[in-house]
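**Student:** Following this message is one structure expressed as structure tokens.
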Amino acid sequence: MIKFFRKIRKNLLSENKFSKYILYAIGEVVLVIIGILIALQINNKNELRKTENKIVSILKEVQHDLGLDIQKSDELIAYYKTKDSIINLIQANKLTYDDYKNESRYELRYAIMNAFHMKIHANGYTNIIENVDNVPKKLKAVIEPLNEIYIYNKYEIDKFDTRVDLITDRVMV
């Protein structure tokens, strides 16, 4: 192919057809520019695809983190239901100090004195916030609910944990 174009150039120059040679040269430049533009377009689409795959991967990490948080919250709810029922038994005078001291009722002592905290898994959320400028438009709608979960709800969970610590400290005194 290169020999073919070289032959055309030599023929045009040898026949003193300078104006046709200029047109030919302009055509060749235009073809090179079109080739470069096509390559750039392909590269841009490839970069967008890579970015979108990265964001989808991060969103899967967020989904996994939320699953862990739901599992942990279910465990904490069950724990606090047990703790609450034991406290209700105490308030109703159905459990005595002797029940509390009895070693066979270790779970009673454990339930009254301990407090567990909800630790939110936020690695995926942190990654998505670090890459928020790269989030495709079709996935932007996910960011606002995540902000509510990881900012507002975390604030509420931290408040709850603080209250539980205060109550537990009072019970232990």
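**Student:** From the cross-link list LYS54/LYS154; LYS50/LYS72; LYS3/LYS50; LYS83/LYS159; LYS45/LYS140, which pairs have alpha carbons spaced over 30 Å apart? Working shown, then result.
**Tutor:** Values: LYS54/LYS154 26 Å; LYS50/LYS72 33 Å; LYS3/LYS50 39 Å; LYS83/LYS159 19 Å; LYS45/LYS140 19 Å.
Violating the 30 Å Cα-Cα cut-off are LYS50/LYS72; LYS3/LYS50.
**Student:** So, one more: In the neighborhood of ALA39, defined by Cβ-to-Cβ distances under 14 Å, what is the net charge if each Lys or Arg adds +1 and each Asp or Glu adds -1?
**Tutor:** Details: positive: LYS45; negative: GLU47.
Here the charged neighbours net out to 0.
**Student:** Here's another thing I want to ask about it. Sequence neighbours fewer than 8 away in the same chain don't count; with that in mind, list the aspartates and glutamates whose C-alpha is under 14 Å from LYS81.
**Tutor:** Reachable aspartates and glutamates: GLU107.
**Student:** How charged is the neighbourhood of ASN53? Take every other residue with its Cβ under 15 Å from the Cβ of ASN53, and add Lys/Arg as +1 and Asp/Glu as -1.
**Tutor:** Values: positive: LYS45, ARG49, LYS50, LYS54, LYS60, LYS138; negative: GLU47, GLU52, GLU61.
Local charge sum for ASN53: +3.
**Student:** I'd like the accessible area for GLU61: 1.4 Å probe, protein heavy atoms, all chains in place, Å² to the nearest 10.
**Tutor:** 60 Å²
**Student:** Here's a follow-up. FRET efficiency for ILE36 and ALA141, Cβ-Cβ distance as r, R0 = 45 Å, nearest 0.05? Intermediate results must be reported in sequence, preceding the final value.
**Tutor:** Working: r = 36 Å, r/R0 = 0.80.
Result of the calculation: an efficiency of 0.80.
**Student:** Subtract the Cα-Cα distance of LYS72 and LYS94 from 0.36 nm times their separation in residues, and report this length gain in nm to one decimal.
**Tutor:** On the way: separation 22, 0.36 × 22 = 7.92 nm, distance 3.05 nm.
Extra length from LYS72 to LYS94 when fully extended: 4.9 nm.
The values are calculated or read from the model by the stated rules, or taken from the named source; none is laboratory data. As the structure is a prediction and not an experimental result, all values here were calculated from the model. We place every Cβ from the backbone using ideal geometry, glycine too, and count neighbours over all the protein chains shown. Heads up: the accessible areas ignore ligands, DNA and RNA and are worked out on the full protein's heavy atoms, side chains in. Shrake-Rupley method; radii C 1.70, N 1.55, O 1.52, S 1.80 Å.
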